[in-house]
1. Kindly evaluate residue 69 against the criterion of being assigned to a helix (DSSP H, G or I) and either charged (D, E, K, R) or at pLDDT 95 or above (or both).
2. Only residues that are aliphatic (A, V, I, L, M), closer than 22 Å to residue 125 by Cβ, in a strand (DSSP E or B) and under 12 Å from the mean Cα position of the chain (by Cα): list them for the stretch 5-57, please.
3. Going by what's in this entry, would residue 83 be described as over 18 Å from residue 60 (Cα atoms), modelled with pLDDT under 90, out of contact with any strand residue (DSSP E or B) (no Cβ under 6 Å at 6 or more places or on another chain) and exposed (fewer than 14 other Cβ atoms within 10 Å of the Cβ)?
Amino acid sequence: MARILVVDDDVAVQSTVRLLLERAGHSVVTAGDGRKGLSLCETGDFDLLFLDIFMPGMDGFETMRMVRQHHPLISIIVISGRPISVEPDSAPDFLTMATKLGAVSSLQKPFRPADLLAAVTGCLEAAGLSSPSPRPSGDVTSCR
């Protein structure tokens, strides 16, 4: 299966995502911040990057920008626990913003395990790295 890097400052999220992905047969490496994630990208050959948007130090937007410069073929799924507001004068929709800046998919925390696995399967299939399999439905922004 795929080699996946999970970058999130929340250890519980790292552990949960790692467990779900390893149970699905993927190889998973985790990092607690953008700088560590970027360093691992330099030394590892990853098929997919799971990236939290809001982290201390180097946030997900900056990390994504740097990864895109040096490793443009890595598919990126962004995740965020910030609520998406439907009010026009409220905070921006950071997940949509991240997909416009180069992420191929996004998930709102907390997400269901089926949604996470569907997003990963969709991105890997889009990149030609996985054979097609049934995907559960859910609130997931699909890979382009």
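The values are calculated or read from the model by the stated rules, or taken from the named source; none is laboratory data. These numbers were taken from a predicted model, which means no experiment stands behind them. Cβ: placed from backbone, ideal geometry, glycine included. Neighbour counts: every protein chain shown.
1. Criteria not met by residue 69.
2. 5, 6, 48, 49, 51
3. So residue 83 does not fit the description; no.
Per-residue answers, yes or no, for (1) at pLDDT 85 or above; (2) part of a loop (DSSP other than H, G, I, E, B):
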residue: 90; (1), (2): no, yes
residue: 95; (1), (2): no, no
residue: 99; (1), (2): no, no
residue: 120; (1), (2): yes, no
residue: 124; (1), (2): yes, no
residue: 137; (1), (2): no, yes
